[in-house]
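Data block below; observations after.
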Amino acid sequence: MPNRECRIAQAWLESPSRGVIELTRDWHARYAPPLLLGPDGPSFTTLTKVPDYVFGAESAYFANKKAEIFFFLRLDRHPELAAAGTTVYLAGDFNGWQNAVGQAEWQLRPAKLAGDPVLLWSGPARRFYTEPYARFKFVTGEHRWLDVSAMAPNAVRDDSGSVNYMVDPERTGQHLFQFTLAAPLDLAKICTMVWQGDESGQNVPLRPGEFFFRYCSDAPLGALVRGGETIFRLFASRASSVELCVSQDLEKSAAAHRYPLTHRADHVWEVTLAENLHGWYYWYHIDGPSDVFGQFDPTQKILDPYAIATVDRTGPGIVIDRAMVPPPEREFCTPGWQDLVIAEAHVRDLVDRAPVKLAVAERRGFTGLRKWVESPGFYLHHLGINAVELQPVQEFDNRTPEEYHWGYMTNNYFAPESSYALDPLRASGITELQELVAAFHKRGIAVILDVVYNHVGEPAHLMLIDKLYYFEMDSAGQLSNWSGCGNDLRADAAMAKRLIIDSLSHLVEMYGIDGFRLDLAELLGLEVLRDVEIALKRVKPDVILIAEPWSFRGHIAGQLRDTGWASWNDGYRNFLRDFVRGGSSRDAFEYYLKGSPWHFAKWPAQTVNYTESHDDRSWIDMITENPGHNGSDPTANDRRRTHLMAAVLFSSIGIPMLAAGQDFLRSKNGINNTYLLGAVNALDYRRIYRFSATHTYFADWIAFRRSEAGSLLRLFSRPSETFFRFIFAPDSNAGAAIYNADFSQGHRRLLLAVNPTLYDVSIPLGDEIASGNWCQLADHERFFGSKTRDTAQGIEPNLFLPALGCGLWVSEG
């Protein structure tokens, strides 16, 4: 392996007066390397080698002078690994990665290093000194891979984007030096690390370390009207100056009043103006260190992240006197999670072609949708759902009010989307959104908002406030992109987490929102999600909390089992798409009908079961027999399979969720990604009449599930192990499920039978089951009423089910 030249790789501060310098290779000389701070930086008080353990704590390994290597995890950083029975293994290029699980040779053992409890593996170093360099990670006995920080000194990305540790034979711990200073550095100034005498002129930026992300303040932020004065506060810990601009007339913004803000000890900038500025416009200019870790630009107008109204995505913010905005009424009672039936919907999709008289501008947003909700024929009311999950309504980055956008590129977390408002210049969106939520509540429908805290839209105002503080990046300043949107929010930074909690609390308090679905919640991390849950339940104890538990980085649904979060169940989605087309398995049918117990969901309502969402193709396009995934004109089998899906979905333990229009076989004409295609996404309500039987079938299933007779499907806690009984046709996935088979929930039982195959089957129920007092409630075409009861099918020892058929029966004794 070739020796590399010894130079500076990176440098960071562990406090304002103490830091670490990483070299490109081990330093073996007896004297310290020729390092100094520039430009015109102070001299080091001390410069010494970092102890091996300190290097290992960040790099997960170190090697000593005896050629021994030590791989370890600190238990204070992974307390979940201290539980009895938990096993952790060293895995990498040297042992086949996943193959290491279960191998005693690679298991980490409890030990202590420098007095700290750790899980440790040690052995000869030579086997790990390879070319190319060996990569490694830690994995639990349950095959859960432990995350590697992109900021780790030896972090490397593979071709798929995954971050691993790397063993570098030339950087084993002898390449790190620590320094101290006599006085703290000013973080608002650029500081670099220099190799003295280096003719290349290398200057490596000195970045703040983990201490920096703990900087925080409890002071109320934003534009705060207090009687006859207005206080402006902004958290900007690395800014060198902050200027406020205010204007009463947007057309005269060039003549705006300008005021410098004062820097407080808690990293907040503040100015108080002796006037109530309700309705005025405001923005900031911020200066600070501009390098790979900072994007400060004093010429840019910056929208206050705490502005509760904005003219558009670029700003300016609008000062709002909260005393002039009445709080929402609190009469609505949010349904229990086990009782929820959710429809996911987009504001414009719902209202664009609604069969009500509306002005053109009203069809773009909150007021038009509110009028549709209030109208006698409102679609979701007649469908029977009791919760709507609206795609994002916080300010996002569409370029014009007319441009259609799903909304997953957020610019401000407090302000309602300006293009959905009739008069955004006067912040009308606040009242309009309040009235929309109230209209849903009067219909008995809870409002859940889809919110996006894993990345931001353009312009990225938080990037201009402090790129390093608010965004995940590697040691070279490269932004992390596990969201797929170019920037990942550093959600665990103290004030980023506070921004998330404050804005969610604001949406509950200002608008009466019932709950939230967090987009790509895996990127926020388990601890942040726990803190969000605790904070929101103080504001609204029955708040609905749903996570999209994955990102391009990984999946955390299993880790959310011990929290109060429910999760979108992508496994359920994939299972049911396959099952109705004759695929999947008996075991999967049992597992998902039971509510994905234990591994995914510890309690019944922790799984949100769905088969279609805004992402990807619509349900009918996904399963259609037509070429090109175009289900706009579905076949007879497409419709039968959709009815099977509805029967299984609404009979599954958990929270069922539909995509709006799924009940009338909404098609996107085979298009996979329609996030900018408003004309494709707009609901064509005429399909309700074209496919009225399917729409009615869904509505009847929802009504049954929500009825007293359907209470066995809406369990609050896990039932007994013998609550379910499953019987399958020979050599087939066609089968029957009996609910309350052990009578642990009273005398009522339900029997659901499903045949996803293209041939008729008989399911051997046996005489004991068939002798029960069964009454058929539904088949694959309809629910039976008093006028159609004569055509209902009885229960026989061998239950006949036609191809792509199903049935629901009830026994009351």
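See the values below:
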{"quantity": "Odd one out for Cys775 among (1) in contact with a helix residue (DSSP H, G or I) (Cβ under 9 Å, 6 or more places away or on another chain); (2) open to solvent by 20 Å² or more (accessible area, probe 1.4 Å); (3) touching a residue at least 40 places away in the same chain (Cβ under 8 Å)", "calculated": "(3)"}
{"quantity": "Qualifying residues in the stretch 8-35 (those that are touching a residue at least 40 places away in the same chain (Cβ under 8 Å) and open to solvent by 60 Å² or more (accessible area, probe 1.4 Å)) - the one farthest from the chain's Cα centre (by Cα)", "calculated": "His28"}
{"quantity": "Single match in Arg353, Arg364 (criterion: open to solvent by 60 Å² or more (accessible area, probe 1.4 Å), more than 22 Å from Phe516 (Cβ to Cβ), in contact with a Pro (Cβ under 7 Å, 6 or more places away or on another chain) and in contact (Cβ under 8 Å) with a residue 24 or more places away in the chain)", "calculated": "Arg364"}
{"quantity": "Members of the stretch 379-412 that are of a type outside the set (A, V, I, L, M, F, W, C), more than 24 Å from Arg686 (Cα to Cα) and crowded, with 24+ Cβ neighbours inside 10 Å", "calculated": "Glu395, Gly407, Thr410, Asn411, Asn412"}
{"quantity": "Count of residues meeting criterion [touching a strand residue (DSSP E or B) at 6+ places or on another chain (Cβ under 8 Å) and either farther than 25 Å from Ala494 by Cα or among the basic types (Lys, Arg) (or both)] in the stretch 182-207", "calculated": "9"}
{"quantity": "The listed residue being over 30 Å from Tyr165 (Cβ atoms), in contact with a helix residue (DSSP H, G or I) (Cβ under 7 Å, 6 or more places away or on another chain), among the aliphatic types (A, V, I, L, M) and surrounded by fewer than 24 Cβ atoms within 10 Å (Cβ to Cβ), out of Ala421, Ala439", "calculated": "Ala439"}
{"quantity": "Among residues of the stretch 425-436, those that are open to solvent by 10 Å² or more (accessible area, probe 1.4 Å), under 29 Å from Thr299 (Cβ atoms), out of contact with any Leu (no Cβ under 7 Å at 6 or more places or on another chain) and assigned to a helix (DSSP H, G or I), counted", "calculated": "1"}
{"quantity": "Qualifying positions in the stretch 1-52 - closer than 16 Å to Gly197 by Cα and in a strand (DSSP E or B)", "calculated": "Ile8, Leu23, Leu35, Leu36, Leu37, Gly38"}
{"quantity": "Restricting the stretch 238-254 to residues that are farther than 18 Å from Val271 by Cβ and not hydroxyl-bearing (Ser, Thr, Tyr), the residue that is modelled with the highest pLDDT", "calculated": "Arg238"}
{"quantity": "Out of Leu273, Leu277, sole residue that is farther than 17 Å from Pro316 by Cα, without any contact (Cβ under 8 Å) to a residue 60 or more places away in the chain and touching an Asp or Glu at 6+ places or on another chain (Cβ under 9 Å)", "calculated": "Leu273"}
{"quantity": "Filter pass, Thr757 being open to solvent by 10 Å² or more (accessible area, probe 1.4 Å), within 30 Å of Glu812 (Cβ to Cβ), polar (S, T, N, Q) and modelled with pLDDT of 95 or more", "calculated": "no"}
{"quantity": "Segments classed as strands (runs of 3 or more DSSP E), wholly inside the stretch 672-771, with at least 3 members that are free of Cβ contacts under 8 Å to residues at least 60 places away in the same chain", "calculated": "761-764"}
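Conditions (1) more than 30 Å from Phe296 (Cα to Cα); (2) open to solvent by less than 30 Å² (accessible area, probe 1.4 Å), marked per residue:
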position	(1), (2)
Arg443	yes, no
Ala446	yes, yes
His455	no, yes
Leu468	no, yes
Gly477	no, yes
His506	no, yes
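The values are calculated or read from the model by the stated rules, or taken from the named source; none is laboratory data. Every value quoted in this text rests on a predicted model; they were computed, and no experiment measured them. In this analysis, Cβ positions are derived from the backbone assuming ideal geometry, glycine residues included, and neighbour counts consider all displayed protein chains. The accessibility values were calculated without ligands, DNA or RNA, using every heavy atom of the protein model including side chains. Shrake-Rupley method; radii C 1.70, N 1.55, O 1.52, S 1.80 Å.
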